[in-house]
Structures are given as C-alpha cells and as structure tokens.
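All of the numbers you see were taken from the coordinates with simple rules; none came from a lab. It should be emphasised that the depicted structure is a prediction, and the values quoted were computed from it without experimental measurement. Using ideal geometry, Cβ is built from the backbone for each residue, glycine included, and neighbour counts are taken over all protein chains shown.
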Ligand SMILES: O=CC(=O)O
C-alpha cells in the first residue's frame, strides 16, 4: 500500500518486546523478518500494539497493561507464567501463551538427573573424590536404586508427562496430582497432594505457581512423604514451603531433595549447603541451546497464528 508521499507502508505487524536485554537476542533477527519490533512502553507505538513478547520472568502487571490499550496477546517465553497477571489479562480479553512443549523434555531430563543425583549421591561422591577423602576414608555411603520407586508427580502437564515417561522407563511406578483427573491418562490420580505423598517415595513438583498451588508442598505433605522420601522441585520455589523443607532436611525427617528453584532466588538457604542428601541448582532446568531453538519457533508460531486469526500454538494452561 502506498502512503501520501509514496513511501511503501510496512506490512509487518507491530510487536513489543517487553524488557529487551542489552545484548541482542538471537530471536530478534528472525522476528524482524515477520514483525516490526519496538521495546518501550513509552513509545508512541504502545497505544496501537496488539502483541507483546515477554522476555523471561519480566512482570506483566495491570500497570503494564494500562500502557497498552490495544493489546490482545502476551507471548511468554517461559513455561511458568506467575510473573504475568493472568486474571487481569483474562479480564481485558488478552490471550496469553507460554513456551508450550519447547522446554518440557529438557526440564524432564533435569528432574531425572536431580533425582538420580540425590538417590545415588553423584555430586556428593564427586566432592568426596575431589576433596581427597577417598584414600583416607575408603568406602563411600551407599545410594539407593531408582528403579522400583513410587513417583508422585505434582502437575501432569507437558513437563510432568515427560518426567513420567522417563521414570517408567527406569522401572518406577507413577501416580499424579493435577487440578483435574486426565481421562486419557492411565497413571493413578490423587485429588490431593497429601494422599499422593502417602503413596509415594518421591514427589516431583512440576506444576504452575498460582494462588492455589502456593506452598502446595507444606508440612503435612512432607510428613506424609516420610523420612525416606525425596522432593524434586523443577517448578517454582514457592510451590514448596521452603522454611519447612529446610527444617525437615536439617532434622533428617525427609530423605533428600533436588532443587532447581527457590523461594527467594538467587538466595538459597545456607543450611542446605552442608547437606549431602540435597542437590542444589541455579534455576536452569529449562536452559539448553536446543530448548532456546524450540522456544524461538513457538514464539514465532504463536505470533503468526495470532496475526492471521488462527488458533494459538501454546495457550497457557494450568495443570
Ligand atoms: O523456569 C522456567 C520457565 O518457567 O520457563
């Protein structure tokens, strides 16, 4: 289409990148072939932009949305969207997408890695060798076998399902808790996490953080899991009552934990540093070059679908 002064109007839809980092995102080059990008809520384009890409855990609040009266889509770049005011988006008719399946296999791999590490004490054994203790002390305490363990998955979404698949292959049995029972899933369902814990050796926490799931792993659940029980958290720190978990671990009232996420990141409770039955990780279960590549495809597919009035690829669903 030609404008009055005969300049050709740019047909690419406008997209806001919310909180663009100072370095260039690899995604930008690809986005730019399809979309016109800008990066400030204060830009004149903000009043007409219909889609926003939220980089990482940048908050999207009612205040953010007030700057964007025409917004109809928030494209999240993470699996969890607890930084987005979902209720406010719903109220304003704004659709929200997340990373869909892009991270699921990577997070599931990592959950299994943490669990194997806790059970077989891989990191602790590594510290034992590196610190020169092997020749002095001889044998290292035995770890436990993974196969045969009863695994309780909290949140059987895309990530939880990948975790289940992997652990079945290791010879574990799987049961789950989700907001609703999934008719197509054969694993036993527990409507509450306490009952799941009673019937599990390990709980793997992979659900979204919401008001309902905040501290879903509390004192009662930890007690139900018992002295040999293991908690793996690859969801969000606040899914677990961290103070209680630390108490249980320090007092030996729970068998161990593998934690990729914490309530006040990057702060990690110091008491955990001395415990060899705890494996600590700096919130990186989702991060691999492969998962970024998959994420970029999901982001572009969601934007293209939105601007051509097709169904979104990964509308956010709470498990
Ligand atoms: O934690 C990472 C994510 O939610 O993608």
Checklist entry - Got a sec? Which residues in the range 88-119 would a label at residue 129 touch, if it sits 7 Å along Cα→Cβ and we count backbone N under 20 Å? => result 113-119
Checklist entry - If you take every DSSP beta bridge whose two residues both sit in the range 104-280, what share of them, in percent to the nearest 5, is antiparallel? => result 5
Checklist entry - So what is the 222 nm mean residue ellipticity for the chain from helices alone, if each DSSP H run of at least 4 adds -39500 (n - 2.57) and you divide by all residues, rounding to the nearest 500 deg cm²/dmol? => result -9500 deg cm²/dmol
Next on the checklist: For a Förster distance of 35 Å, can you work out the FRET efficiency between the beta-carbons of residue 317 and residue 139, rounded to the nearest 0.05?
Outcome noted: 0.10
Checklist outcome for this item: In terms of the alpha carbon gyration tensor, root eigenvalues a ≥ b ≥ c, rounded if a/c is under 1.5 and otherwise prolate when a/b exceeds b/c or oblate, the range 104-280 is prolate
Checklist entry - Hey, rough spin-label estimate for residue 265 and residue 293, points 7 angstrom out along Cα→Cβ, what's it come to in nanometres? => result 2.4
Checklist entry - When DSSP beta bridges are limited to those with both residues in the range 221-302, what percentage is antiparallel, rounded to the nearest 5? => result 10
Checklist outcome for this item: Expected unfolding gain across residue 165-residue 186 under the 0.36 nm per residue rule, minus the alpha-carbon gap, is 6.4 nm
Checklist entry - How much FRET efficiency would the formula 1/(1 + (r/R0)^6) give for residue 218 and residue 28, where r is the Cβ-Cβ distance and R0 is 35 Å, rounded to 0.05? => result 0.25
Next on the checklist: Starting from 0.36 nm per residue, how many nanometres of slack lie between residue 275 and residue 116 once their C-alpha separation is accounted for?
Outcome noted: 55.6 nm
Item to check | Share antiparallel - DSSP beta bridges, the chain, percent rounded to 5 | outcome: 10
Checklist entry - What is the calculated FRET efficiency for residue 92 to residue 36, with r their C-beta to C-beta distance and R₀ = 25 Å, to the nearest 0.05? => result 0.65
Checklist entry - Cα centroid distance between the range 51-71 and the range 110-152, in Å? => result 44
